[in-house]
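Report on one structure; see the data block that follows.
Bear in mind that the values in this text are calculations on the coordinates, not laboratory data. Given the structure is predicted, the values throughout are model-derived calculations rather than measurements. All Cβ positions, glycine included, derive from the backbone under ideal geometry; neighbour counts span all protein chains shown.
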Amino acid sequence: MAVHLSCLIQENTNMETIYSIEGLRAALSDNKVAVIYYSNETCNVCKVLKPRIREMLDMQFPNAKMHYVDIEKSPVVSGQYRVFSIPTIDIYIDGKEHARFSRNVTMHDFEAAMRRPYDLIYSE
């Protein structure tokens, strides 16, 4: 059965929402620096944290692409990638997991994890 990737990834104004393992794999292979944000609609911490992460990426790491996985709507994806708590934020560099933050995420730690590999890839 053929499936179009457009059914597996839905793009909105700030980030792409991923619904399948194939969609996540495509996102990781298509982006040098990818940030995967696992959450759900009822996560109150996520409602504050997600826009702050998005803003930091826009301002400091414009070439990084952020993707969203709703763990309730995509349990196969979250299970395959061993996400058991929210929020969980994965940073992938060239398709390989570089850092993971779960539950307790500070903006400082996230920025520090992004800075070195991002600067190495996109230094002028």
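Things worth noting here:
- Additional length obtainable on full extension of the chain from LYS47 to GLN80, 0.36 nm per residue less Cα span: 9.5 nm
- Considering only ARG25, ARG103, ARG82, the mean-square fluctuation computed in a Gaussian network model of the chain, springs between alpha carbons under 10 angstrom, is largest for ARG82.
- Ranking ILE86, TYR19, SER74 by how far each Cα lies toward the positive end of the dipole of the chain (charges on Cβ) leaves ILE86 at the top.
- Cα gyration tensor category, rounded, prolate or oblate, for the chain with a/c compared to 1.5: oblate
- A crude spin-label estimate for the pair GLU55 and ARG116, with each label 7 Å from Cα along the Cβ direction, gives 2.8 nm.
- Relative contact order, percent, region 5-122 [alpha-carbon distance under 8 Å, six or more residues apart]: 29 percent
- Dipole moment magnitude, nearest 20 debye, the chain about Cα centre, only Lys, Arg, Asp, Glu C-beta charged: 280 debye
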